[in-house]
Amino acid sequence: MQEKLTHLKELESESIFILREVAAQFEKPALLFSGGKDSIVMAYLAYKAFYPAPIPFPFVHIDTGHNFDETLTYRDELVKKLGAELIVGSVQESIDSGRAVEEKGFNASRNKLQTITLLDTLEKYKFDAALGGARRDEEKARAKERFFSHRDEFGQWDPKNQRPELWNIFNGKKHLGEHFRVFPISNWTEMDVWQYILQENIPLPSLYYTHEREVFNRDCQWYAALDAIPRRPTEEVVVKKVRCRTIGDITCTGLSLSTANSLEDIIDEIASSRITERGGRTDDKRSESAMEDRKKEGYF
Amino acid sequence: MKDTTGYLDMELLRFSTAGSVDDGKSTLIGRLLYDSKSIFEDQLQAVKDASKRLGGEEVNLALLTDGLRAEREQGITIDVAYRYFATPKRKFIIADTPGHIEYTRNMVTGASTADVAIILIDARNGIIEQSKRHSYIASLLQIPNVVVAVNKMDLVDFDETVFNAIVTEYKTIAETLKLKNVIYIPISARDGDNVVDRSSKTPWYNGETLLHLLETLPVRVDENNLPARFPVQFVIRPHSDKFHDYRGYAGRISGGSFKVGDEVTVLPSNTQSKIIAIDEGLKSVTEAYTPQSVTIRLADNVDVSRGDMIVKTDIHKPTVSANVSLLVCWLNHRPLNVGGKYIIRHTTDETRAVIKDVHFKVNINTLENILDDKTVNMNDIAHITLKTMKPLKFDSYQENRTTGSLVIIDEATHETVGAGMIVHDLEDQSFSI
Ligand SMILES: Nc1nc2c(ncn2[C@@H]2O[C@H](COP(=O)(O)OP(=O)(O)O)[C@@H](O)[C@H]2O)c(=O)[nH]1
């Protein structure tokens with residue numbers, strides 16, 4: 001008799017199934033790589049799904065230009081290690097070409113502008129499926145998201161017109177110009193992701209572990225004191241031991257005070273944590289239905 | 001410090017919840033999330049604020065899962081929402097569906113992957129038409145375990161006779177519907193009785209609490225005893241110097257298990273070969289089980305492509321046929337078109353098909369067959385036959401939920417319009433009460 005399939009094995013098996021469905025059903029898929037831990041896990045899953053053949057689709061990074069240096073170094077090393085192809089879509093270019101307009105003020109973020117660059121990049125390379133690392137446990141609006149999420153020719157998500165998804169049968173049929181977002185790790189929780197990273201011994205950018213950094217506090221949240229985020233005169237810079245719980249663009253990556261310096265520590269910390277991971281993301285706080293609004297516009 | 005590694009070998013259990021409006025479904029889910037400490041402070045604060053805004057003093061647990069309610073009020077999508085929580089023993093995935101009559105299709109969707117269906121019954125109202133409908137869907141979708149949670153026991157003074165009367169009545173339904181494993185629990189979702197902790201108010205109840213049951217019910221024990229099935233999903237050919245001759249068939253095992261050395265047959269071509277290796281990610285294994293995603297390599301250079309099925313040679317083989325008889329739940333506003341052509345997706349296979357006939361519809365409230373009206377509208381369940389352009393390789397849904405299920409896709413809109421459960425003979429599935 002075999003050993004019981006653990007939840008991580010089962011989740012992995014489901015995600016690999018979906019990655020392979022995407023490779024089989026679409027002509028030109030791409031994997032959206034943000035540098036966050038979820039997309040790192042996706043990259044490793046994709047590597048496993050097609051091994052020993054190379055990953056049959058490129059990674060696409062939508063670069064806001066406001067990255068932690070380490071994110072880019074890590075990205076380039078990972079792509080090399082996994083033998084993947086990398087395509088970078090630049091938000092700066094979208095701004096320079098007038099496609100996107102930079103937000104002003106202290107809360108300015110390029111997070112929203114990413115949508116424009118993303119859609120432009122998808123169109124430029126004629127990608128018909130974009131794999132994303134979003135999870136249903138992240139936010140209310142995502143709880144009913146499909147694995148295969150249909151987008152119209154404007155890249156928009158229509159919550160009223162989502163295809164029913166039954167069993168493990170995924171319908172990626174589309175008309176010309178339409179595309180899909182596919183979320184292979186929909187059923188994973190933040191805890192599952194960390195446990196998997198531990199189990200698989202996946203190296204992470206050191207930003208996820210405790211480090212001393214110059215930070216400042218805004219609305220009860222710590223941020224990196226870097227040029228990308230203009231500070232108000234009252235916002236004082238201090239040095240703290242912090243780590244990232246999720247990494248994105250600098251302007252919306254909240255840091256948590258932490259001394260966790262191993263995966264085990266991090267898992268313990270999350271197990272006893274009383275704040276959701278998105279609780280640290282400014283972009284979601286802007287309004288109650290923030291996420292739903294951005295989704296309709298074609299955000300990840 | 002907690003034992004981190006302990007969390008690494010939990011099992012996964014998927015369950016669906018069904019109940020009529022106000023039976024306490026949201027409260028129950030909120031209670032499970034809350035008592036298992038899956039609620040974070042920022043979420044709880046949002047709920048506290050909302051409870052206050054709505055004039056309540058206590059925290060209204062139902063608001064935790066209220067994505068759906070807001071939509072209901074605004075009259076937009078009512079859909080399946082997935083929620084997650086974990087205890088040190090198991091990770092749970094809840095498919096949360098609203099219980100209105102119009103939304104049979106959502107319940108079918110949520111039930112399609114469930115290991116357990118929780119059917120809520122308001123102790124004051126007893127079994128109503130909707131409870132029967134939910135039970136029919138659990139039976140139709142072959143959910144292996146049904147938990148009948150008799151809720152709001154506090155409002156009937158935790159009276160044993162009320163509970164027993166409901167159990168007795170439900171047993172006849174369970175029998176008619178051939179429900180497999182039915183468990184009855186008296187609960188109060190609002191106060192938590194018998195949800196996570198045993199209630200002192202039901203000394204007459206010797207069974208488990210709901211959470212304990214969910215943590216211990218055996219999951220998918222039978223899957224590995226099924227005849228071995230491997231629908232080929234993707235052919236892996238590296239074309240590299242190092243793996244020059246590598247040719248692997250990637251897929252997810254959909255029944256039974258496969259071992260290196262097994263004699264296998266590839267369907268529909270009926271080619272015979274032998275398994276020489278099973279690869280899982282970067283390593284090779286000697287045996288693999290349902291529902292693992294693996295890559296199988298064969299001894300001979302046979303012609304295998306996506307949509308083919310690898311099965312063990314010496315076991316009961318699937319049916320290979322272009323004539324398929326099935327129960328369908330219709331999912332789309334546009335009714336089923338008899339004589340019309342559709343796309344069929346079955347496992348990793350795809351073909352076109354023409355709808356031959358509608359034999360009967362099922363009235364899911366009375367569970368009677370309707371023979372005189374054959375228009376299959378959204379949320380209808382009907383027995384139909386179709387003919388496919390190329391043969392499918394299938395089992396009955398009763399035998400295997402993966403190789404026995406298919407979806408019907410509209411050729412013009414590409415929407416998923418029907419969910420089909422393959423039947424071998426009608427006797428299996430025609431219920432009457
Ligand atoms: N007395 C009592 N009330 C309950 C119980 N469970 C739910 N309720 C109440 O019943 C109402 C409907 O509950 P809700 O969870 O929103 O029902 P849903 O429509 O099935 O999701 C709410 O006012 C709940 O507080 C219970 O066990 N006892």
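Read the figures in this text as sums done on the coordinates, not as results from a lab. Since the structure is predicted, the reported quantities are computational estimates derived from the model, not experimental observations. All Cβ positions, even for glycine, are placed from backbone atoms using ideal geometry, and neighbour counts span all protein chains on display.
Summary of computed values
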quantity: Cα gyration tensor, the protein assembly as shown - rounded (a/c under 1.5), prolate or oblate; calculated: oblate
quantity: Point-charge dipole on Cβ atoms (K/R +1, D/E -1) for the range B:158-275, about Cα centre, debye to 20; calculated: 680
quantity: Farthest positive-ward along the protein assembly as shown dipole, Cα basis, beta-carbon charges - from B:Ser325, B:Ile187, B:Ile121; calculated: B:Ser325
quantity: In degrees, nearest ten, helix B:129-140 long axis to first principal axis of chain B (Cα); calculated: 20
quantity: Dipole of the range A:204-282, positive direction: furthest Cα of A:Tyr209, A:Thr234, A:Ser262, with charges on the beta-carbon; calculated: A:Thr234
quantity: Footprinting exposure proxy for B:Ser293, A:Ser206 (fewest neighbouring C-beta atoms within 10 Å first); calculated: A:Ser206, B:Ser293
quantity: Shielding by partners, peptide B:105-116 (average Cβ within 10 angstrom, other chains); calculated: 2
quantity: Degrees separating the helix B:25-35 axis from the principal Cα axis of chain B, which is the longest one; calculated: 90
quantity: Shielding score for A:132-138, defined as the mean number of other chain Cβ atoms within 10 Å; calculated: 2
quantity: Peptide B:325-332, shielding by other chains (average Cβ, 10 Å cutoff); calculated: 1
quantity: Chain B: angle of helix B:160-176 to the longest principal axis, Cα-based, in degrees nearest 10; calculated: 20
quantity: DSSP H segments from chain A that extend 24 Å or more along their own axis, Cα-based, with Kyte-Doolittle mean of -1.0 or above; calculated: A:7-25
quantity: Beta bridge orientation in chain B: antiparallel %, DSSP, nearest 5; calculated: 75
quantity: Greater than 29 Å apart at Cα, pairs in A:Lys80/A:Lys144; B:Lys25/B:Lys356; A:Lys174/B:Lys25; A:Lys48/A:Lys112; A:Lys28/A:Lys144; A:Lys144/B:Lys312; calculated: A:Lys80/A:Lys144; B:Lys25/B:Lys356; A:Lys174/B:Lys25; A:Lys48/A:Lys112; A:Lys144/B:Lys312
quantity: Residues A:Thr253, A:Thr71, sorted so that the one with the fewest Cβ neighbours within 10 Å comes first; calculated: A:Thr71, A:Thr253
quantity: Tensor-based shape of chain A (alpha-carbon gyration tensor, a/c under 1.5 rounded, otherwise prolate or oblate); calculated: oblate
quantity: Which of A:Phe148, B:Phe85, B:Phe243, A:Phe216 has the fewest Cβ neighbours within 10 Å, and the rest in rising order; calculated: B:Phe243, A:Phe216, B:Phe85, A:Phe148
